[in-house]
1. Return W98, W68, W206 ranked ascending by Cβ neighbour count within 10 Å, so the fewest neighbours appear first.
2. Based on alpha-carbon centroids, what's the gap between the range 86-123 and the range 132-182 in Å, whole number please?
3. Sort F104, F163, F170 so that the residue with the fewest other Cβ atoms within 10 Å of its own Cβ comes first and the one with the most comes last.
4. Show the residues, 5+ positions off or on another chain, whose built amide H is closer than 5 Å to the amide H of R45.
5. In terms of the ratio Rg/(2.2 N^0.38 Å) built on C-alpha atoms, what value belongs to the range 114-166?
6. Can you give me the distance in nm between label points at A65 and D36, each placed 7 Å from the Cα along the Cα-to-Cβ direction?
7. Using the Kirkwood radius over Cα pairs, work out the Stokes-Einstein diffusion coefficient for the range 100-220 at 10 °C and 1.306 mPa s, in µm²/s as a whole number.
8. Expressed in nm to one decimal, what extension gain is obtained for the pair A169 and D133 from 0.36 nm per residue of sequence separation less their Cα-Cα distance?
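What follows draws every value from the coordinates through simple rules; no lab data is involved. Here the structure is a predicted model, which is why all the values come from computation and not from measurement. In this analysis, Cβ positions are derived from the backbone assuming ideal geometry, glycine residues included, and neighbour counts consider all displayed protein chains.
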Amino acid sequence: MSTSFHHSRGRFIAFEGGEGAGKSTQVRTIVSRLRDRGLEVVQTREPGGSPGAEALRNLLVTGDAGRWSPMSELLMMYAARSDHLEKIIRPALDRGAWVVCDRFADSSRAYQGAGGGVGPYFIEAVDAAVVADTQPDLVVVMDMPVEAGLKRAASRGDTENRFESKGAAFHERLRDGFLRRAAAVPGRYRVIDADRTIEAIAADIWTALAEAFPELSHGG
Ligand SMILES: Nc1ncnc2c1ncn2[C@@H]1O[C@H](COP(=O)(O)OP(=O)(O)O)[C@@H](O)[C@H]1O
Ligand SMILES: [Mg+2]
């Protein structure tokens with residue numbers, strides 16, 4: 001799986017999964033390991049990642065669960081993603097950097113699609129227009145039981161908990177959505193058992209990267 005889907009020289013890795021699965025924890029580790037190799041790495045996240053998209057993030061992740069309908073969310077998420085791609089991701093890939101993104105388009109497929117009921121044909125049409133050929137080269141899906149993940153997320157005690165506050169059934173649909181997406185596009189996806197120690201997970205993720213990007217195994 002060494003093919004680059006976008007037109008550029010960089011590498012694009014996305015981390016996906018439910019609340020508390022350890023995405024942000026593992027992103028930090030992988031970014032520092034890549035930087036230790038002397039690579040230029042842009043660590044970023046969604047929703048957000050550019051100033052305009054971060055302003056939208058604040059509207060999306062705070063407040064009451066019912067504040068936005070799934071359709072409004074989907075359009076706001078893709079408005080934010082469009083700005084993030086234009087201002088941060090594509091310029092980084094164009095100059096050959098590695099981009100490591102904490103959540104990307106599969107979170108829209110899961111949260112607004114599988115979880116919220118927005119139709120897949122509509123999501124794919126918007127994705128084709130906004131993300132187009134800037135698809136991730138590798139998607140790491142962090143998978144674990146919903147309840148344990150929500151418990152971890154709650155232990156953070158932050159205020160960005162609008163999605164956490166949706167019910168258990170919603171989070172089960174998300175988990176299923178991520179796994180079905182990974183099964184449907186197997187070449188670019190790695191599902192990681194996230195219900196283990198931070199160190200064991202980090203080792204598996206590094207192995208997945210080394211398989212996906214053979215250049216990591218050469219020298220450096
Ligand atoms: N493998 C793990 N085992 C136990 N706790 C973890 C693990 N990974 C992360 N955590 C903790 O769980 C919480 C959620 O992790 P985080 O990386 O923020 O998850 P996410 O970004 O997927 O929501 C944090 O407090 C983090 O320190
Ligand atoms: Mg996180």
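1. Details: W98 24, W68 19, W206 16.
Arranged by neighbour count, lowest to highest, W98, W68, W206 become W206, W68, W98.
2. First find each Cα centre; the distance between them is then 14 Å.
3. Working: F104 27, F163 19, F170 16.
Result, fewest neighbours first: F170, F163, F104.
4. Amide H to amide H, under 5 Å and 5 or more residues apart or across chains, R45 pairs with D102.
5. The range 114-166 yields a ratio of 1.53.
6. If labels sit at A65 and D36, their model points lie 4.1 nm apart.
7. The diffusion coefficient I find is 100 µm²/s.
8. Contour length minus the Cα-Cα distance gives 9.7 nm.
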